[in-house]
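These notes are about the structure you will find just below.
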Amino acid sequence: MHSKPITLLAAAVAPIVNAAGATLRFSCSQLVVERLDPLVNPGMNPSAHLHQVVGGNAFNVTMDPTHLDIPSTASCTSCTPVEDFSNYWTAVLFFRAKNGTFKRVNTFGNELGFTSANGGQTVYYLSSGKVTAFKPGFRMTVGDPSFRTASQLTSKYKYMDYTCLATSMTRGGQTTSFPKGPCKAGIMVSIRFPTCWDGKNVDTPDHQSHVAYPQGNACPASHPVSVPQVFYETYWDTRPFNDQSQWPSDGQPFVWSFGDKSGYGLHGDYVFGWKGDALQRAMDANCNSDLFSNKINCPTLKVQSLDDSNKCVKKVAVRENLDGWLTELPGGMPVS
Ligand SMILES: *[C@@H]1O[C@H](CO)[C@@H](O)[C@H](O)[C@H]1NC(C)=O
Ligand SMILES: *[C@@H]1O[C@H](CO)[C@@H](O)[C@H](O)[C@H]1NC(C)=O
């Protein structure tokens, strides 16, 4: 089971039941969109490229785990489980018009239960069998922003893809590149992290070597500890950009904030910040969530409304214009 991503079919009946493990699924509204990256570029203000960030409001230029206790620093979270002060972030999608200008694409609430969320993303913690929750200070990234080909992506990473939504219920037909044609109901981006940990390091210099994918059904000897599968689903509202007469002549209208017009540079960042053992308890209790509502079936977790999670926002620390038609990507990231 570990070797495959757990695919949730829209046809599944609510609640999602996974007898052998947990299927925790919840909404995290947009916390801030800005050029900071405390994981890859700590202390750098602004960081190289733009991010959309969700989770606890302790998100900051620097989040050094030796000096920062995230759950006691944050005063709110944009996620619905109130004990989850983790930060989850990805790059930001831009539309690139025929005339060479760029417009930022907004995220929107997952229409399977989270329509009233102010953008952000859906977060999953999945398990099949016993898993060990992350430790304080744990962080990781998946994906490589320098990748521009399918083979680069698929030889190193698994289970990261795009779904061209014909309706909000569309599942299947995923691609590892940006979808080639207009997507009536937007583009869903799925980013799934590896599920095996070395059991020692909460981070490594490349933010990736301490985790690994399973081999077959088991974690490799080098990374023997099964951890929950962290999985992001982001709905990008590309609906205003479906007029192909405005698309550039190379037929690639979307570009990530780090300049990638192929889509293969897809990546995600995770900074663990659950309070105490709240995540471990939820995983041990095989908690699950209803697929079509903001309801988590989990006696051990306290959950807030989407309205309350929308209220947790962080003041922008990096002032720059992100709206309207821009002549270049924020930070001047070149497109390739
Ligand atoms: C961010 O870090 C700065 C400098 O350490 C600190 O003054 C500020 O309070 C922090 N902001 C948040 C939201 O934690
Ligand atoms: C560029 O194209 C966009 C989309 O077609 C349009 O809205 C915008 O006004 C154009 N900008 C310029 C400077 O022509």
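The values are calculated or read from the model by the stated rules, or taken from the named source; none is laboratory data. Please read these numbers as outputs of a predicted model, since none were measured by experiment. Heads up, the Cβs are rebuilt from the backbone with ideal geometry, glycines too, and the neighbour counts pull from every protein chain shown. What goes into the accessible areas is simple: the full protein's heavy atoms, side chains included, and nothing from ligands, DNA or RNA. Shrake-Rupley method; radii C 1.70, N 1.55, O 1.52, S 1.80 Å.
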Inset, instruction - Taking only region 1-57 into account, find how many residues are within 26 Å of A166 (Cα to Cα), at pLDDT 95 or above and open to solvent by 30 Å² or more (accessible area, probe 1.4 Å). - result: 1
Inset, instruction - Any chance you could count how many residues in region 174-211 are farther than 30 Å from F134 by Cα, surrounded by fewer than 19 Cβ atoms within 10 Å (Cβ to Cβ) and touching a Pro at 6+ places or on another chain (Cβ under 9 Å)? - result: 1
Legend entry - Qualifying positions in region 285-307 - open to solvent by 50 Å² or more (accessible area, probe 1.4 Å) and free of Cβ contacts under 8 Å to residues at least 24 places away in the same chain: P299
Legend entry - Count - residues of region 73-90 that are away from ligand 1 (no atom under 13 Å from the Cβ) and either open to solvent by 10 Å² or more (accessible area, probe 1.4 Å) or more than 19 Å from the chain's Cα centre (by Cα) (or both): 2
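I'm checking my understanding of the structure. Among residues of region 58-70 that are surrounded by 20 or more Cβ atoms within 10 Å (Cβ to Cβ) and closer than 16 Å to E83 by Cα, which one is farthest from ligand 2 (Cβ to nearest atom)?
For region 58-70, the residue satisfying everything is I70.
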Inset, instruction - Pairs only if they're at least six apart or on different chains, beta carbon under 8 angstrom, first in region 18-38 and within 18 Å of P299 (Cα to Cα), second open to solvent by 10 Å² or more (accessible area, probe 1.4 Å) and of a type in the set (S, T, Y); list them, first residue then second. - result: N18/S128; A20/S128; G21/S128
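Taking into account only those residues within region 58-72 that are touching a strand residue (DSSP E or B) at 6+ places or on another chain (Cβ under 9 Å) and in a loop (DSSP other than H, G, I, E, B), which is nearest to ligand 1 (Cβ to nearest atom)?
Our first condition is that a residue be touching a strand residue (DSSP E or B) at 6+ places or on another chain (Cβ under 9 Å); within region 58-72, this holds for 58-59, 63, 65, 70-71.
Those still in the list that are in a loop (DSSP other than H, G, I, E, B) too: 58-59, 63, 65.
Details: A58: 5, F59: 7, M63: 9, P65: 14 Å.
Among them, the one singled out is A58.
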